[in-house]
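The numbers here are math on the coordinates, done by the rules we state, and not lab data. Bear in mind that the values here come from a model prediction, so they are computed numbers and not experimental data. Using ideal geometry, Cβ is built from the backbone for each residue, glycine included, and neighbour counts are taken over all protein chains shown.
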Ligand code: C2E
Ligand code: MG
Ligand code: MG
Ligand code: MG
């Protein structure tokens, strides 16, 4: 407290982590310029018929030394950074290209991408989406879906809702991702124009062993019905989970038990070859039969 200089406390740990982040962001910027990102696609299917309904685009970094890296390894670094917006633009662009490529071979599926809260709340979002849709006229916006992480903190719901309505008028659909895990599930459901709820995989994972998880799944299905929203169950890993979901009236699902995320080039042959387990085909439908 002898001089003002006392306030310049050097914190080596903090300094190192900040510097580390800065360097990692520069490396990620380079990766974007060098085309090292790639989208994998995970099928969403109709449980009973096995029909491929759509795919979710999931970003990967094909790192020249470290190999294929999952989003958790690099997305946190660009949180609240402009690169999040730039990378998001890249994701939308490549998904739209892929959507029109699939359409051109007669594969009529829905493609969804994940968007961050930062992206959705950026004032340029709807304008940029419009530009990208215009630049890819052969990609049908009605088959394009945007998944919003339900746990993301949306600051101004009125503004977000307005943005979403503008985007909906362009034909795109919105889904609430990981539904039920955030603090604001019901508020988001009430105020945001979403057409799809994605039940978080933690509930699906526990539904057959934990009565609370089962109760949550039933409640979410009830909400979806009351609000006339579509439902997708995430994280279906076993045939038994699929049977149980079908019995509850949930017909669309994705998960490792159906398919892992895969390169775009594999989707078409996967969809031709995949058969749902016999227990799904034969299971009776619907909670109220
Ligand atoms: P998400 O949107 O909820 O995507 C589902 C995640 O669960 C994916 O992980 C997928 O590989 C994984 N998964 C699917 N089925 C199963 C299953 O049966 N069991 C288990 N244990 N996991 C399953 P991934 O690809 O690592 O992505 C993680 C998260 O990163 C995504 O969660 C999403 O929130 C975010 N993310 C992925 N791609 C993007 C992107 O392009 N942009 C943004 N902003 N976020 C992305
Ligand atoms: Mg998602
Ligand atoms: Mg999810
Ligand atoms: Mg998730």
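Judged by the mean number of other Cβ atoms found within 10 Å, the most tightly packed of the peptides 193-199, 168-174 leads the ranking 193-199, 168-174.
Ranked for footprinting exposure by Cβ neighbours inside 10 Å, fewest first, 77, 34 give 34, 77. Note on residue 48 and residue 228: their simple-model spin labels are 2.2 nm apart, each label 7 Å out from Cα toward Cβ. Per-residue packing, averaged as other Cβ atoms within 10 Å, sorts the ranges 232-242, 126-136 into the order 232-242, 126-136, beginning with the highest. Principal-axis analysis of the Cα atoms of the chain puts helix 264-273 at an angle of about 10° to the longest axis.
Ranking 125, 179 by Cβ neighbours within 10 Å, fewest first, what do you get?
Numbers: 125 22, 179 28.
Listing 125, 179 from fewest to most nearby Cβ atoms yields 125, 179.
Just to be sure I understand the model, the point goes 7 Å from the Cα along the line to the Cβ. What's the resulting residue 90 to residue 38 distance in nm? Placing both labels 7 Å beyond Cα along the Cβ direction yields 1.4 nm.
Round to the nearest 0.05 the FRET efficiency obtained for residue 30 and residue 275 when R0 = 41 Å and r is the Cβ-Cβ distance. About 0.40, to the nearest 0.05. Of 33, 57, 219, the residue with the greatest mean-square motion in the GNM of the chain, using alpha carbon springs below 10 Å, is 33. For the chain, the longest principal axis of the Cα atoms and the long axis of helix 211-226 meet at an angle of about 80 degrees.
Please report 183, 41, 191 as a ranked list, fewest other C-beta atoms within 10 angstrom at the top and most at the bottom.
Values: 183 10, 41 25, 191 15.
Least crowded to most crowded, the residues run 183, 191, 41.
FRET efficiency for the residue 156 to residue 190 pair, using the beta carbon distance and R₀ = 22 Å, is estimated at 0.90. Normalised by the number of residues in the chain, the mean separation of alpha-carbon contacts (under 8 Å, six or more apart) gives a relative contact order of 18 percent.
The stretch between residue 138 and residue 121, if pulled fully straight at 0.36 nm per residue, gains 3.4 nm over its current Cα-Cα span.
Rounded to the nearest 10 degrees, the inclination of helix 12-33 to the longest alpha-carbon principal axis of the chain is 60 degrees.
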